[in-house]
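Below is one structure, written out as structure tokens; comments come after it.
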Amino acid sequence: MSAIPSIPPCISRAGAVSALTAATVTASLLVPGLAAEAEAATPAAKALKVAAAKKGSPYRYGAAGPNRFDCSGLTLYSYKKAGKTLPRTAAAQYNRTRHVSVGSRKPGDLVFFHSGGRVYHVGIYAGKNQIWHSPKPGTSVRKEKIWTGKVWYGRVK
């Protein structure tokens with residue numbers, strides 16, 4: 001005879017689900033890596049990882065990957081790999097995003113460089129005032145400090 005009392009199936013299932021939920025929440029608080037992995041699941045975080053993985057890929061005007069990129073080609077490619085669709089040009093990408101303030105920017109947001117109201121360059125915000133981008137002919141994809149205050153931020157919807 002078993003020393004464990006019999007528990008009705010509906011109660012034991014509910015108890016198991018509650019215990020599993022409690023264990024998951026507790027583990028995410030106690031194990032720092034679990035929270036970071038949950039963040040990595042967002043499209044913005046995935047796009048940021050894709051862009052970083054393209055470090056060293058050469059610039060080519062009009063290229064959108066997988067081995068060569070211009071600025072908007074890199075953002076388009078990175079977000080496509082993350083499951084999001086963007087238009088081809090930097091200006092069109094700006095018009096497609098939800099505009100956010102500098103204080104609200106997050107890694108994975110797009111950074112639009114502008115002059116006279118015209119968007120001329122785009123990169124992916126990497127945090128700490130840096131972006132991943134494909135700058136210009138003769139260069140390659142790299143992480144670089146944002147060099148001007150004439151930028152707007154956009155969050156991909």
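Which condition number in (1) free of Cβ contacts under 8 Å to residues at least 40 places away in the same chain; (2) open to solvent by 30 Å² or more (accessible area, probe 1.4 Å); (3) in contact with a Lys or Arg (Cβ under 7 Å, 6 or more places away or on another chain) is the one that F113 fails?
The number of the failed condition is (2).
Tell me, yes or no, whether region 83-103 has at least one residue that is touching a residue at least 60 places away in the same chain (Cβ under 8 Å), in contact with a His (Cβ under 6 Å, 6 or more places away or on another chain) and surrounded by 20 or more Cβ atoms within 10 Å (Cβ to Cβ).
no
The rows are residues; the columns are (1) touching a Lys or Arg at 6+ places or on another chain (Cβ under 8 Å); (2) among the basic types (K, R).
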site: L76; (1), (2): yes, no
site: G83; (1), (2): yes, no
site: P87; (1), (2): yes, no
site: Q93; (1), (2): no, no
site: S101; (1), (2): no, no
site: K106; (1), (2): yes, yes
site: Y153; (1), (2): yes, no
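In region 61-82, which residue that is part of a loop (DSSP other than H, G, I, E, B) and in contact (Cβ under 8 Å) with a residue 24 or more places away in the chain is surrounded by the most Cβ atoms within 10 Å (Cβ to Cβ)?
The residue in question is D70.
Name every residue in region 143-157 that is part of a strand (DSSP E or B) and crowded, with 17+ Cβ neighbours inside 10 Å, in order of residue number.
V151, W152, Y153, G154
Condition test on A23, is it open to solvent by less than 70 Å² (accessible area, probe 1.4 Å), modelled with pLDDT under 95 and more than 16 Å from the chain's Cα centre (by Cα)?
yes
Being out of contact with any helix residue (DSSP H, G or I) (no Cβ under 9 Å at 6 or more places or on another chain) and aliphatic (A, V, I, L, M) is the requirement here; does A90 meet it?
no
The values are calculated or read from the model by the stated rules, or taken from the named source; none is laboratory data. If you're wondering where the values come from, they're calculated on a predicted model, not measured in any experiment. Every residue, glycine as well, gets a Cβ built from its backbone with ideal geometry; the counts of neighbours run over all protein chains shown. Surface accessibility is based on the protein's heavy atoms, side chains included, excluding ligands, DNA and RNA. Shrake-Rupley method; radii C 1.70, N 1.55, O 1.52, S 1.80 Å.
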